[in-house]
Amino acid sequence: MKDREKNFIFDGPFKEYCPMYVKYKRNLGYKFGESSLYQLRYMDDFFKNYDMAILRLNKDMVEDYVSKRGNESTKTQHMRMSLIRQFSIFMNSLGFNFYVHPKELIPIIKTFTPYIFTHKEIASIIKVLDSLDYTPCSKHYHLIYPMLFRMLYGCGLRINEALSLKKIDVDLVNGILTVKKAKNNTSRLVPMSTSLQNYCRQYASNMGFEMHDNGYFYPSRDNGKYNNTPVYVKFKHFMKKAGIFTDNEIGPRVHDIRHTFAVHALEKMVQDGQDIYCALPILCTYLGHRDIESTEKYLRLTGEAYGQIIDSVTPLYSGVFPEVKINE
């Protein structure tokens, strides 16, 4: 494991197998970061209460582990169920005979709806960002944020994908970003539009970059990786200044820019006459999703895009339902 993960010491009954499970999941392409390690260690600690002369997980033990605790959310309980199910399957692959929790987990109730920016709101935010003043305490502040927002919106990157970019990952000649070890430990190539490519070139020139070194494309004041916490705070300020929400509202998240890219990209592909069933797999690959279902969850049809997208799929179902010719 990485150095910063050495604190995750497993000393429960499954201490020998937990590191093996982590390696197994990562080899399958899962990131298995700190939150997953905490959950795994909690599971290992939980079963210290059981006398295990021989390693086992029976139905009663598993149901005890996954039972609801106080006022915890369904998501927390769902994650426990998923973890112990996957761990049992892994252990059984090694020759054990552990009880496997049923595949049907407690459903997670999702009530949150991402905010989709209109094209007018995107233009308003860019106007705010392009008017940022030079700040002596952070001399690149006024250059980084206009570039970062354009890349998030223009490429649909996750915020950590953008902030992790090194200069050598940004090909200014061919207009391609190399996103390394993103979610699920995958990498991908992300083409940029010509306008974004040109803006990147101007940004690199203004920053005085030598694009062949290993420094960050969005450097912090000490030339390290830019932290995402100030980005969240600053973007709230920029969106508020652009008039997108008021003092008594929570406002959109930075991740909603990625959702907006997905909707606007699909809208543009439909406008260009592409088959929607061909467009979705392309968008899925571009966003770095493992399956098309993940991409579909990103799409929230706005007033701007709704009509054209619905019109594009109408021929697919026309004639399926019989016409009612007589009103009774």
Net charge contributed by nearby residues that have their C-beta within less than 13 Å of Ala204 (K/R +1, D/E -1): -1
Do you know the relative contact order of the range 185-255, to the nearest whole percent, from alpha carbon pairs under 8 angstrom that are 6+ apart? 14
Counting helices only, and only those DSSP H runs with n ≥ 4, report the 222 nm mean residue ellipticity of the chain as the sum of -39,500 (n - 2.57) divided by its residues, in deg cm²/dmol to the nearest 500. -15500 deg cm²/dmol
Cα-centre dipole for the range 1-92 with unit charges at Cβ (Lys and Arg positive, Asp and Glu negative), debye to 20: 400
Per the 1.4 Å probe, what fraction of the accessible area of the chain, in percent, lies on carbon and sulfur atoms? 53
Classify the range 152-296 as rounded, prolate or oblate from the Cα gyration tensor: take a ≥ b ≥ c as the square roots of its eigenvalues, call it rounded if a/c is under 1.5, otherwise prolate when a/b beats b/c and oblate if not. oblate
Which one, Ser164, Gly175, Ile106, is farthest towards the positive end of the dipole of the range 97-189 when Lys and Arg carry +1 and Asp and Glu -1 on their Cβ? Ile106
Compute the distance in nm between two label points, each set 7 Å from the Cα along the Cα-to-Cβ direction, one at Arg221 and one at Asp247. 2.9
Determine the shape class of the range 1-101: with a ≥ b ≥ c the square roots of the Cα gyration tensor eigenvalues, call it rounded for a/c under 1.5, and otherwise prolate if a/b is greater than b/c, oblate otherwise. rounded
Putting +1 on Lys and Arg Cβ atoms and -1 on Asp and Glu Cβ atoms, find which of Ser88, Tyr226, Ile144 reaches farthest to the positive end of the dipole of the chain. Tyr226
Quick one: which of Lys25/Lys180; Lys127/Lys241; Lys139/Lys166; Lys180/Lys240; Lys75/Lys236; Lys25/Lys183 span more than 21 angstrom between C-alpha atoms? Lys180/Lys240; Lys75/Lys236
Among residues other than Pro230 whose Cβ falls under 13 Å from its Cβ, what is the net charge (Lys/Arg +1, Asp/Glu -1)? +4
To the nearest 20 debye, what charge dipole does the chain have about its Cα centre, counting +1 at the Cβ of each Lys and Arg and -1 at the Cβ of each Asp and Glu? 860
I want to check the label-to-label distance for Leu189 and Asn174. Put each point 7 Å from Cα in the C-beta direction and report it in nm to one decimal. 0.4
For the range 65-187, take every pair of Cα atoms, bin their distances at 10 Å starting from 0, and report each bin as a whole percent. 10, 23, 23, 20, 17, 7, 1
Note to self: with every protein chain in place and a 1.4 Å probe, the range 76-210 gives an accessible area per residue in Å² of 51
Rounded, prolate or oblate: which fits the chain when a ≥ b ≥ c are the square roots of the eigenvalues of the alpha-carbon gyration tensor, with rounded for a/c under 1.5 and prolate only if a/b beats b/c? oblate
What is the list of residues in the range 44-73 whose amide nitrogen lies under 14 Å from a point 7 angstrom out from the Cα of Leu105, following Cα to Cβ? 66-67, 73
Return one number: the angle in degrees, 0 to 90 and rounded to the nearest 10, between the long axis of the Cα atoms of helix 34-46 and the longest principal axis of the Cα atoms of the chain. 20
Highest-fluctuation residue, Leu132, Leu163, Leu55 considered, GNM on the chain with Cα pairs under 10 Å: Leu55
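The values are calculated or read from the model by the stated rules, or taken from the named source; none is laboratory data. The structure displayed is predicted, hence computed values, not measured ones. For neighbour counting, all protein chains shown are included, and Cβ atoms are generated from backbone atoms with ideal geometry for every residue, glycine included. Please note that ligands, DNA and RNA were not included when accessible areas were found on the heavy atoms of the full protein model with its side chains. Shrake-Rupley method; radii C 1.70, N 1.55, O 1.52, S 1.80 Å.
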